[in-house]
Amino acid sequence: MNILLIGSGGREHALAWAIAASALCDRLLIAPGNPGTAQCGTNVALDVADHPAVTSFCRAENVGLVVVGPEAPLVAGLVDDLAAAGIKAFGPTRAAAQLEGSKGFTKELCRDFGIPTAAFARFTEADAAKLYLSERGAPIVVKADGLAAGKGVVIAVTVEEAIAAVETMFGGAFGAAGAEVVIEEFLDGEEASFFALCDGATAIPFGAAQDHKRAFDGDRGPNTGGMGAYSPAPILTPALQERVMR
């Protein structure tokens with residue numbers, strides 16, 4: 001079949017490499033792609049934010065499956081619109097993508113369903129957030145609620161630093177992503193990601209990974225979108241993976 005891969009990052013390069021190796025793939029198109037993906041298939045100039053244009057392209061090119069990599073088109077409901085047009089797509093729906101699109105939504109889901117998570121509070125205006133910070137103290141974590149390319153998180157070691165982060169976010173540094181702020185308890189330790197493929201009824205473990213968050217050596221400096229990653233993550237032992245799946 002002809003397959004369309006949405007995205008332009010390193011994640012999409014890995015996906016393109018794997019998809020191109022499949023016996024099921026006759027032709028791989030990547031929108032917009034990057035120089036790495038061009039080695040695996042054909043990059044196409046397509047505005048992935050224009051859902052009708054993506055749908056029309058899929059029909060014109062006889063695309064049998066669309067694989068959506070980045071968070072933004074998932075949160076915008078690209079999978080929903082493709083499904084409504086009768087085009088098969090791999091990726092979460094708009095409703096499910098809220099887990100990535102809103103940190104506050106995910107924190108409240110964890111709280112409501114007994115999933116362990118750090119203590120938190122949500123704010124839509126700066127003064128209330130600053131008062132909360134002065135009461136809670138530091139270290140503390142300040143997060144832009146929406147998508148900020150992995151950069152909307154500040155691990156503040158002082159209250160002053162946390163207040164500055166709140167002012168920056170509500171000041172528009174992250175656009176609409178900073179219209180709401182989540183303030184979270186600081187947890188010390190390693191962070192890892194564990195992935196599963198889910199269809200609403202079944203969950204299949206897909207592996208573990210860790211990436212390098214902070215900009216400088218020794219876990220110093222601001223958070224980045226993740227500078228390199230490795231898999232599997234040794235910290236996610238078989239016992240811990242079993243616990244996550246349960």
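The values are calculated or read from the model by the stated rules, or taken from the named source; none is laboratory data. What you are looking at is a predicted structure, and each value in this text was computed from that prediction instead of being measured. Ideal geometry is used to build each Cβ from the backbone, glycine not excepted, and the neighbour counts take in all protein chains shown. SASA here: full protein model, heavy atoms, side chains in, ligands and nucleic acids out. Shrake-Rupley method; radii C 1.70, N 1.55, O 1.52, S 1.80 Å.
For the Cα trace of region 104-150, dividing Rg by the Kirkwood Rh returns an Rg/Rh value of 0.98.
Kindly sort Cys58, Cys25 by accessible area of their heavy atoms, largest first, with the probe set to 1.4 Å.
Largest accessible area first, the list is Cys25, Cys58.
DSSP bridge analysis restricted to region 1-148 gives an antiparallel fraction near 0%, rounded to the nearest 5.
Per atom type, region 94-225 shows carbon and sulfur on 55% of its accessible surface, probed at 1.4 Å.
Using a Gaussian network for the chain with springs between C-alpha atoms less than 10 Å apart, which of these wobbles most: Pro92, Pro70, Pro232? So, out of Pro92, Pro70, Pro232, the one fluctuating most is Pro232. What separates the Cα centres of region 52-101 and region 150-222 is a distance of 25 Å. Here region 148-246 is treated as a Stokes sphere of Kirkwood radius computed over C-alpha pairs; at 37 °C and 0.692 mPa s its diffusion coefficient rounds to 207 µm²/s. If you plug the beta carbon distance of Thr237 and Asp50 into 1/(1 + (r/R0)^6) with R0 = 51 Å, you get a FRET efficiency near 0.70. For Met1, the solvent-accessible surface computed with a 1.4 Å probe is close to 90 Å², ligands and nucleic acids excluded.
Dipole magnitude of region 147-246 about its Cα centre, charges +1 at Lys/Arg Cβ and -1 at Asp/Glu Cβ only, in debye to the nearest 20?
320 debye
Which of these, Gly175, Gly64, Gly200, has the largest mean-square fluctuation under a Gaussian network model of the chain (Cα springs below 10 Å)? Highest fluctuation among the options: Gly200. Across the chain, the fraction of Cα-Cα pairs farther apart than 21 Å, rounded to a whole number, is 65%.
Here is how the number arises for the chain: DSSP H runs of 4 or more residues each give -39500 (n - 2.57), the sum is divided by the residue count, and the result at 222 nm is -9500 deg cm²/dmol.
Among Arg59, Arg220, Arg27, the largest mean-square fluctuation in a Gaussian network model of the chain, built with springs joining Cα atoms closer than 10 Å, belongs to Arg220. Averaged over residues, the count of other Cβ atoms within 10 Å places the peptides 3-10, 29-36 in the sequence 3-10, 29-36, highest first. Couplings 3J(HN,Hα) for region 156-171, derived from phi with the Karplus relation 6.51 cos²θ - 1.76 cosθ + 1.60 (θ = phi - 60°), are 8, 8, 9, 5, 4, 5, 5, 4, 4, 5, 4, 5, 5, 5, 6, x Hz, where x marks Gly and Pro.
Which value, to two decimals, describes the C-alpha radius of gyration of region 35-113 once divided by 2.2 N^0.38 Å?
With N residues counted in region 35-113, Rg over 2.2 N^0.38 Å equals 1.27.
Of the residues Ala20, Ala192, Ala45, the one whose Cα sits farthest towards the positive end of the charge dipole of the chain is Ala20 (charges of +1 on Lys and Arg Cβ, -1 on Asp and Glu Cβ, taken about the Cα centre). For Lys130, a cut-off of 27 angstrom between C-alpha atoms picks up these lysines, skipping any fewer than 8 places away in its own chain: Lys103, Lys107, Lys143, Lys151, Lys213. Treating each Cα of region 88-207 as an identical point scatterer and ignoring solvent, apply the Debye formula and state log10 I(q)/I(0) at q = 0.18, 0.23 Å⁻¹. Summing over Cα pairs of region 88-207 leads to -0.98, -1.39. Charging the Cβ of each Asp and Glu at -1 and of each Lys and Arg at +1, and nothing else, the dipole of region 19-124 about its Cα centre rounds to 240 debye.
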